[in-house]
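The structure appears below as structure tokens.
Every number in this text was worked out from the coordinates using simple rules, so none of it is lab data. Everything numeric in this text was worked out from a predicted model, so none of it was measured. Neighbour counts are summed over all protein chains in view; Cβ atoms, including those assigned to glycine, are modelled from backbone coordinates with ideal geometry.
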Amino acid sequence: MNSSRRIKLLDFRSIQGRIILLGIIFLLLLLTFTVVVTTQNRKTQSVSEKVIDFRVPITLAAQSVISGLNRVSASQRAYIMTKEEPFRLERLTVWQNQIEPSLQKLVNARDNLSLTSNKARVDSIQMMVAQYKIIQEDIDKYLLEHLNINENKPLKLDSANSLQTLVYVNTLRKKRDILEKMVKERASPARKNLRNLLFPLANSNLGLLEAEVKDVSSSLSNTNILGVVIFIISFTITTLLSISLVKSLKKSIKAPLHLLGALSQGVIPPPEPLTKNELSAIIHSGNQLALNLQQASTFALHIGEGKFDEDFEPASEKDTLGNALLQMRQKLRKVSIEEKKQKWITEGQAKIGQMLRTDFEDINQWYASLISFVVNYTKVNQGGIYIIEKDIAQKEGANEYVELKACIAFDRQRKVNYRQEIYEGLVGRAIFEKQTVYLKEVPDGYIQITSGLGDAPPKNLVIVPLINNETVIGALEIASFELLDTHEVGFLEKISESIASSIISVKTNEETRRLLEISQEQSESLRAIEEEIRQNNEELQTTQDELARKESELAGRLSALDNALLSVTFDLDGYVTEVNDNFLKATSYIREEVVNKHHRIFCLPTYTQSEAYEQFWQDLRNGKNVTGEFKRITKTGEEIWIKAAYSPILGSEGRPEKVHKVAFDITKSYRQNREQVIKLENIEHNAAIAEFTMDGTITSANEKQLHLWHYDLEDIQGKNFQKLFNYTNGKATDYQELWTKLKYGEAVTKHVEEKGKEDNQVFLTATYSPVLDENGIPQKVIRVATDVTEMKRLEARAVEQNDQLKAQEDVLKRKLEQLTETQEELIKNTEITKLQFKSIFDGITDAVITCNGQGIIQEFNPMAEKFFGYTTEQIVGKNINLILPLTDNQTYVEYLQANFNNLNQKQQGLGRYMTALKENGTSFPAYITVGSSFINGEQLFTSFVRDVTHEVEREKQVKTQIDSLNESLEKLEVLTEATPHPMLLVNQDGMIDMLNPAAERLLTYTNDELHGKSLKVLVGPSKTRFNFKNFVKKHQTNSKKSTERILLNNKEGEGVEVNLEFSTMTFLDKQWFVGKIQVLEIA
């Protein structure tokens, strides 16, 4: 086998052999190229590494430190000039983000420097940079501690403060001199020494960098030539071998191309036959891929059909598609389980809803069927339903208890007579907390589940309170041997509110149901009598004329009923066949819209989709009559209530063929009854109500009435009202007159005074209303009373205080006469003060606006009219937010109330900047100070508004100019320090501000020695004397650049004849002159 494989490897007619031959030739050429090029690249690599690792970083770091020092120097100058915090923050940012990182790079590269002098320079730079930073921090510290003042604050020059002002100015001058001395004697020399170290270091590395780059370029040029030669040879040989290889591949590649083409289009082809060359492995892999895809598609179809238990094995552990299908199956299985749980909950809610809507005869049996359904549906072992009941025989506060209404265990109803206090035990806890109690460990002896095989305690217990509108009416208790799932507990909680609502409805309607049953029995009896009469009439019809008359009469009755009632006829499937106009009018439909339409269009979808609706029609199909009150929906979606009777119409064989419905529209009476119930409940809650017989015997009283009398109902029930409350003497006559009117059926409203059990006096406004029977004879009296005891007490107190006030009135009259005289004098003084205040108010240069606590403007001076464009008549009475709008997410009024109330007097007089609005809709920046005062108990706010448009524009100009200066200074410093030409900077007064290093070498002065000195220091003898003022005038007249030939003196007194060429720039409304010095002759 090894020998045959070796023969195949050396068979250059095969694809593999030709590729091997191509590889061998390429490797030989590559080896040749490698041997030649490696030698050339060793030198290049060594030089390149040195350039990349040391030369470039050192040069860039040095330049970055120089640039950073220039920036921090310019920022500190601007900070000293303007005292604006952004300049100081900008300087600290440059230190942190530029100078210190670049300096660290220099320190890290120190040991790689070839020159000992450069290493010493790095050590010195590191030390001097730290010193320079300390110097700048000292300057900032001194500036903040000694010169952090408001220079715009006006000085008071009156005689009382003149000495203090002179001392203040003198102190300020001394502090400025100290600051200038710190800059001149410490900062400037330190910065100059750093430049003298950084420039040589950068220039030295640049020279070495240029030499090494030249060596690298030469080596690369030689390597490129050699590479071109080898590329031509390699390209020729490779092309010839590639042509041969392509021809061979075309013949063998057809089968794999066909296979892969079909797979790319989503078609799974039959297996392709294997070839005898190297492509056989590709064809085999393609066939295996097709088989894997076939298995995966079959598995995916099974998953889509819900067959999650189908077996499937991925092709390998790294089979992406197979593993994805397995993960999809797992996720779909989880989704299916969750859907089953949700479906279980939804079906349970629907079934319990149907049970709750089903009519019943025995409420206890209804409780039993309810708990039976819950126990069976949740598949638990035992369950019970507890309802809160009231014992009216007991006193208030102790009349509620919890009674077990039904209990189911092992599908059998248990007869349990059990009741407990309302908040006793676990059931009481659930009722009190209004939360579900879920115990996975049931207390010993709490409950036993008993069957024919024995008894045992359950493993878990769930008690769900039955709550409707925040009112607990009972609890649902479930016990089981198996732990309940979360969705099962959630199901119990969801149905609890529906059960609670139904129980309340059952209790409310139980009495109504009993009366309805009596009414229905009577109706059935009357119907039977009517049927008997009808049959007798039919037997008595002896002639055709009599029959016609009866038919005519019957038709008239039906027509009258049709005109009075809502009438509809349905087939047994519920589709409308006939309908009268009354029904169409009540439902807002036209005949074509309802005929041949199903009954469900008149009902809510939730009802038509329920089992109760299906049972309704099934009963009609079975021949049962259905009567009752029903809610129906009109074409416009409005709800109407009808009282209807659905009657199956029997055919000749006695089977139902149609269903006929007759109904009354009771919507109005239904809503009125609901309103009456609500009104009666409100009266019962707010008024004192008592009932009497016609001889004055008390039969009942509500809680409010009993509270006013301080009696319990059993203490007064059955007792005579006159005797109990001692209506004697004059009261007896009034009492007799009252009851005489009541016996004649006349309602009486009067004020009464009564004493309760504890002799407490009660005043009432009472209305006595006799209740009449159908003959108009009074049967009982109902009294509705309102407690006015407190009002009576207030009236008595008011009478007493009125007497006191009359006594004080005379005293006040005398004092009033005195006050009148004083008031007249005050009015005169006030008028004078008002005139003085108006003169000041109108003459003040700021806008003055006064508003109250709600922001309503009350005063508006002439300057405010000028600022805002409103007249006083236009703006007074308007809200101040109209001209001083929102700021910082609050209105101006909210700002006043939050910062200038009477509890925050420290804010008085403080100001802030904000935007004000003019009448024409434009805005302007304003500085506002606020004062607060109280006049006649009302808080007033006075806002002094100053238009700071010019100041803001000035600040913007200054900031722009400072930014421009920083940029210009940085560029100028870099340019002047790097240029070999001597240069100097002079201000418009002829004072020298800066020299570059070349100028320092020429004039032998340092920059600090000439900083702030006049240019006259450098001017030579009289024949070439330079008058700077004349030069400035000449320069402004001619052009932006001017040249002057003058003689400059250096520090040693030697004269240097030069051409001094000046260019101008403007900053902060001042001209600056940049002078370029061209040496002509050294004297």
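Below is a table of values for the structure above.
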| item | result |
| --- | --- |
| Label-point separation in nm, Gln957 to Asn881, each point 7 Å along Cα→Cβ | 3.8 nm |
| Zone residues, segment 853-880, relative to Glu938, backbone N less than 11 Å from point 7 Å out along Cα-to-Cβ | 853-859, 877 |
| Of Lys341/Lys379; Lys585/Lys668; Lys1016/Lys1076; Lys878/Lys918; Lys141/Lys959, pairs whose Cα-Cα distance is over 20 Å | Lys141/Lys959 |
| Residue order, fewest to most surrounding Cβ atoms within 10 angstrom, among Cys407, Cys603 | Cys603, Cys407 |
| Calculated FRET efficiency for the pair Ile134/Met991, C-beta based, R₀ 35 Å, to 0.05 | 0.75 |
| Efficiency of FRET between Asn889 and Phe199 - r from beta-carbon atoms, R0 45 angstrom, step 0.05 | 0.25 |
| Burial ordering of Leu794, Leu439, fewest other beta-carbon atoms within 10 Å first | Leu794, Leu439 |
| Surrounding net charge for Asp138, when Lys and Arg each add one and Asp and Glu each subtract one, Cβ distance under 15 Å | +4 |
| Segment Tyr418-Lys390, extension gain: residue separation times 0.36 nm, minus the distance between their alpha carbons | 8.6 nm |
| Cα→Cβ-extended label distance, 7 Å offset, between Asn376 and Leu332, nm | 3.6 nm |
| Sorted by Cβ density within 10 Å, fewest first, the residues Met81, Met914, Met983 | Met81, Met914, Met983 |
